[in-house]
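One structure follows; several queries about it will come next.
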């Protein structure tokens with residue numbers, strides 16, 4: 001607004017200055033004085049003819065000022081509209097993040113093996129909705145890729161089973177799954193097979209629950225074959 005006021009002042013100043021210069025030059029050239037002032041129709045017509053330049057300068061300045069005011073009004077209205085959109089998008093982002101966090105908390109409480117303190121909600125949320133601050137809560141391709149990386153861990157581990165039921169490298173599987181889950185902000189460590197299997201089951205339930213609620217067309221992990229169990 002301050003810049004607009006300065007420009008408007010400059011337009012007015014230039015217009016008045018040029019008009020005064022033109023008026024003074026006209027008075028000098030026509031040897032006019034106070035005694036020549038009158039307000040009859042003839043005088044007014046003569047005045048308008050002699051001071052046509054000054055009058056046109058004022059008209060031009062007024063026209064420019066009118067255009068400037070119109071453009072300024074449109075700019076201000078557009079700025080207010082954009083600011084309103086940003087404010088609305090930010091409010092929506094905060095509400096959506098809160099909903100996501102509360103849902104994650106609620107679901108975790110129903111799963112005995114899930115420690116919500118080991119899950120960074122913001123990392124999970126930002127992975128799923130990187131454009132949420134702009135009002136876009138569509139799931140990102142990176143999130144879908146992260147889910148697929150978990151699926152790949154299940155597939156690779158199942159494929160590494162030795163025919164005939166030989167020894168399976170459970171620690172290797174646990175490390176691969178831990179690395180895949182880091183993208184979601186989920187931090188897990190290796191542990192005895194039965195404990196890890198129970199936690200893995202709960203994590204699958206949690207991921208599937210979140211995906212069904214906040215996303216579309218995301219593979220359901222519970223349907224994946226896990227032959228190593």
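For the chain, modelled as a Gaussian network with Cα springs under 10 Å, which listed residue fluctuates most, 177, 99, 20?
Result for the chain, Cα springs under 10 Å: 20 fluctuates most.
Further question: Just want the ordering: 78, 90, 97, from fewest to most Cβ atoms lying within 10 Å of their own Cβ.
The most exposed by this proxy come first: 78, 90, 97.
OK, next. Which angle between 0 and 90 degrees, to the nearest 10, do you get for helix 41-50 versus the longest principal axis of the chain when only C-alpha atoms count?
60 degrees
Pick from 72, 149, 54: which is most flexible by mean-square fluctuation in a GNM of the chain where alpha carbon atoms under 10 Å apart are linked?
54
Give the angle, between 0 and 90 degrees and rounded to the nearest 10, that separates the Cα long axis of helix 2-29 from the longest principal axis of the Cα atoms of the chain.
Compared with the principal axis, the helix lies near 20 degrees.
What order do you get for 79, 22 when you list them from fewest to most C-beta neighbours inside 10 Å?
79, 22
While we're looking at this one, here's another question. Rg to Rh ratio, segment 136-189, alpha-carbon atoms and Kirkwood radius?
That ratio equals 1.11.
Multiplying the sequence separation of residue 167 and residue 84 by 0.36 nm and subtracting their Cα-Cα distance, what value in nm do you get?
Answer, rounded to one decimal: 23.7 nm.
Most fluctuating residue of 29, 126, 172 in a GNM of the chain with Cα springs under 10 Å: which is it?
Fluctuation is largest for 29.
Evaluate segment 110-223: find the radius of gyration of its Cα atoms, find its Kirkwood radius, and give the ratio Rg to Rh.
Ratio of gyration radius to Kirkwood radius for segment 110-223: 1.00.
What is the list of residues in segment 63-105 whose amide nitrogen lies under 20 Å from a point 7 angstrom out from the Cα of residue 212, following Cα to Cβ?
So the set is 99-105.
Moving on. With the cut-off at 22 Å, report for the chain the share of all Cα pairs above it, as a whole percent.
Counting every Cα pair in the chain, those more than 22 Å apart make up 69 percent.
Using only the alpha-carbon atoms, how far is helix 141-159 inclined from the longest principal axis of the chain? Give it as 0 to 90 degrees, nearest 10.
Taking Cα atoms only, the helix is inclined about 10 degrees.
For the pair residue 103 and residue 67, how long in nm is the line joining their label points, each one 7 Å along Cα→Cβ?
5.3 nm
While we're here: Be a star and scan segment 189-229 for residues whose amide nitrogen sits under 18 Å from the point 7 Å along the Cα-to-Cβ vector of residue 138.
Of the residues in segment 189-229, 214-219 have backbone N under 18 Å from the label point off residue 138.
Got a sec? How would 139, 74, 219 order by Cβ neighbour count within 10 Å, fewest to most?
74, 219, 139
Alpha carbon centre of segment 60-129 versus segment 160-218: separation in Å?
Comparing the Cα centres of segment 60-129 and segment 160-218, I get a distance of 33 Å.
A short reminder: the numbers here are calculations on the coordinates, not readings from a lab. Remember, it's a predicted structure, so these values are computed and weren't measured experimentally. When we count neighbours, we look across all protein chains shown, and the Cβ atoms used for this are built from the backbone with ideal geometry, even at glycine.
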